[in-house]
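Let me begin by presenting the structure, written as structure tokens, before commenting on it.
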Protein chains: 2
Amino acid sequence: MQNLLSNLKITINEKLYVKDPETSELGRNILKNSILLMDEIGFEAFTFKKLGEKIQSNESSIYRYFENKHKLLVYLTSWYWSWMEYRMVFVTTNIANPVEKLEKAIKLVTENVADDHATPHINEEILNRIIVEEFTKTLMTKEVDNENKEGFFLVYKRVINRIIEIIKEVNPEYPFAKSLASSIVEGALHQHFLKNHLKTITNLSEKDCATDFYTDMAKKILL
Amino acid sequence: MQNLLSNLKITINEKLYVKDPETSELGRNILKNSILLMDEIGFEAFTFKKLGEKIQSNESSIYRYFENKHKLLVYLTSWYWSWMEYRMVFVTTNIANPVEKLEKAIKLVTENVADDHATPHINEEILNRIIVEEFTKTLMTKEVDNENKEGFFLVYKRVINRIIEIIKEVNPEYPFAKSLASSIVEGALHQHFLKNHLKTITNLSEKDCATDFYTDMAKKILL
DNA sequence: ACATATTGATAGTATTACTATTATATTTGC
DNA sequence: GCAAATATAATAGTAATACTATCAATATGT
């Protein structure tokens, strides 16, 4: 089956870039290699100069696409959550049973991620590692309130809102639907971080994912 | 009642500092004002130069206490979790009923924090804000595995392990005690972050704390 | 009073995070 | 096919950061 994404383009908030990187070879190269380089050396050590060397291009050319590395990271994470939202809609549409719908949504945000070949310049498996290791840094800045107003985190909130709605379908009486949904999405990332680095305080081991833990949690809380 | 902490000194991993800041006036001044300055301008904008100006001391003098701002932040967060552990032991000792014990432990890690006047140079209310906004940054670095080996996160893990043990007492059959404990501790910080910045995806509002949400969660999962 | 430790002041370095300018390709429009 | 527009590359430069090193001033302990 041909994946719909081959034809659809993921749209990202225009304020996140100076020039749309999806519209040129260099732009797509920046996206592809910024994912690889960030995964390799981490967000703190990542610089536009090093990225320029990696793609045999110039620092100044990269600045024509992105104002700074923070916005590039927000761009990449927005891309990830957009991709996640697209898959969530796909997987939950036409499912009549709300519990089944919730199970599918939870599975999606908690399972291990593999590359989606429909997007040749984005490796989702590696991008997922960046989300696990760096995503909270996009939020935890002194500019978060302004950036939130500018809509930088809309896609992320939309993914969580979709889960909130499903939770409400499953149990309209439950008073903490929002907190439960945001806990699952953020918590799953955190459990994956722990399984990689602080193994003694998580039950997940190397190849596990967080699906069982959160499915069990949601069912016991809501049913 | 005189708080025990007035007499007890919180011990921090020696690898986190060059010279123990609790042993001099300047050291305690660095601790006190680094908390104030980080809260004010955020960890990214925080520099030893600015801190030096704030305490009318010199950048180079601060470097004699801490190698860099990352280690200072790890020091402050270790201090916080030590203080939390001390209070947790205090609050859970001699409670026979495991469920009551768990409730008290959850309350402690999820409630809003007020200043503890037993520690004149540390303002715990402000330090808690720093934990909410910056704690994950101490973990999410490329050095996390080495620093974990050096014991930088021992106190944090110890707090979580105490909760794991209580969860096991409440329900020895539950298979995800570790993930549940780490979810509660990290998740509570995250919910507090959301209530301050991304209010639409949490049920907590301004003066709420995460206690009700997590107490309800733990009971439904374990009982 | 004198040795020792602590702090302060200054200077210096490499790197980062940009901005500006100019030159050189490449594309496109007619 | 050629001029005009656009994109990219190369270079230089600036202010700030994250330190290190040195030396002077001051306080403390015996």
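The values are calculated or read from the model by the stated rules, or taken from the named source; none is laboratory data. Every value quoted in this text rests on a predicted model; they were computed, and no experiment measured them. Note: ideal-geometry Cβ built from the backbone for every residue, glycine included; neighbour counts use all protein chains shown. Keep in mind that these areas ignore ligands, DNA and RNA; they rest on the heavy atoms of the full protein, side chains included. Shrake-Rupley method; radii C 1.70, N 1.55, O 1.52, S 1.80 Å.
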Whole-Hz ³J(HN,Hα) from phi, Karplus 6.51 cos²θ - 1.76 cosθ + 1.60, for the range A:215-223, glycine and proline x: 5, 4, 4, 4, 5, 5, 6, 9, 9
Whole-Å distance linking the alpha carbon centroid of the range A:137-178 with that of the range A:43-89 is 23 Å
Applying 1/(1 + (r/R0)^6) with R0 = 41 Å to the Cβ-Cβ distance of residue A:28 and residue A:142, what FRET efficiency is obtained, to the nearest 0.05? 0.85
Cα-projected label distance for residue A:220 with residue A:11, points at 7 Å along beta-carbon direction, nm: 4.2 nm
Calculate one ³J(HN,Hα) per residue across the range B:177-184 by plugging θ = phi - 60° into the Karplus curve 6.51 cos²θ - 1.76 cosθ + 1.60, and present them in order as whole Hz with x for glycine and proline. 4, 5, 5, 5, 4, 5, 5, 5
Shape call for the protein assembly as shown from the C-alpha gyration tensor, a ≥ b ≥ c root eigenvalues: rounded (a/c under 1.5), prolate (a/b greater than b/c) or oblate? oblate
From the label point of residue B:219, set 7 Å from Cα along Cα→Cβ, how far away are the matching label points in the other copies, in nm, ordered shortest to longest? 2.3
With the label set 7 Å along Cα→Cβ, residue A:117 is separated from its counterparts in the other copies, in nm and shortest first, by 6.9
Could you give the angle, 0 to 90 degrees to the nearest 10, between helix B:98-110's Cα long axis and the longest principal axis of the Cα atoms of chain B? 40 degrees
Note, ³J(HN,Hα) from phi for the range A:185-199, Karplus 6.51, -1.76, 1.60, rounded to Hz, x at Gly and Pro: 5, 5, x, 4, 4, 5, 4, 5, 4, 4, 5, 7, 10, 10, 4
Which residue, B:184, B:62, B:201, tops the fluctuation ranking in a GNM of chain B built on C-alpha contacts under 10 Å? B:201
Over chain A, what relative contact order in percent results from Cα pairs under 8 Å that are six or more residues apart? 22 percent
Using label points projected 7 Å from each Cα along Cα→Cβ, tell me how many nm separate residue B:19 and residue A:208, to one decimal. 4.6 nm
Once you've got the GNM for chain A with C-alpha springs shorter than 10 Å, pick whichever of A:59, A:125, A:173 has the biggest mean-square fluctuation. A:173
Proximal aspartates and glutamates relative to residue A:49, as straight alpha-carbon distance under 17 Å, when same-chain residues fewer than 8 apart are discounted: A:39, A:40, A:59, A:67
Note on the range B:97-137: alpha-carbon gyration tensor, axes a ≥ b ≥ c; rule is a/c under 1.5 for rounded, else prolate if a/b larger than b/c, else oblate; result oblate
With all protein chains present, calculate the accessible area of residue B:18 using a 1.4 Å probe and round the result to the nearest 10 Å². 90 Å²
Between the modelled labels at residue B:91 and residue B:60 (7 Å from Cα along Cα→Cβ) the distance in nm is 4.6 nm
Taking Cα atoms, the helix A:154-170 axis meets the longest principal axis of chain A at an angle in degrees (rounded to 10) of 10 degrees
Gaussian network model of chain A, Cα springs within a sub-10 Å range: biggest mean-square fluctuation belongs to which of A:110, A:11, A:23? A:23
Given the pairs A:157/B:71; B:168/B:207; A:199/B:157; A:142/B:69, which span a C-alpha to C-alpha distance of over 21 angstrom in this model? A:157/B:71; B:168/B:207
Using a 7 Å Cα-to-Cβ projection, residue B:63 label spacings across copies, nm, ascending: 2.8
Partner aspartates and glutamates for residue A:220 [C-alpha distance under 13 Å; skip if fewer than 8 residues away on the same chain]: A:103, A:212, B:216
What figure in square angstrom, to the nearest 10, would you give for the accessible area of residue B:209 with a 1.4 Å probe? 40 Å²
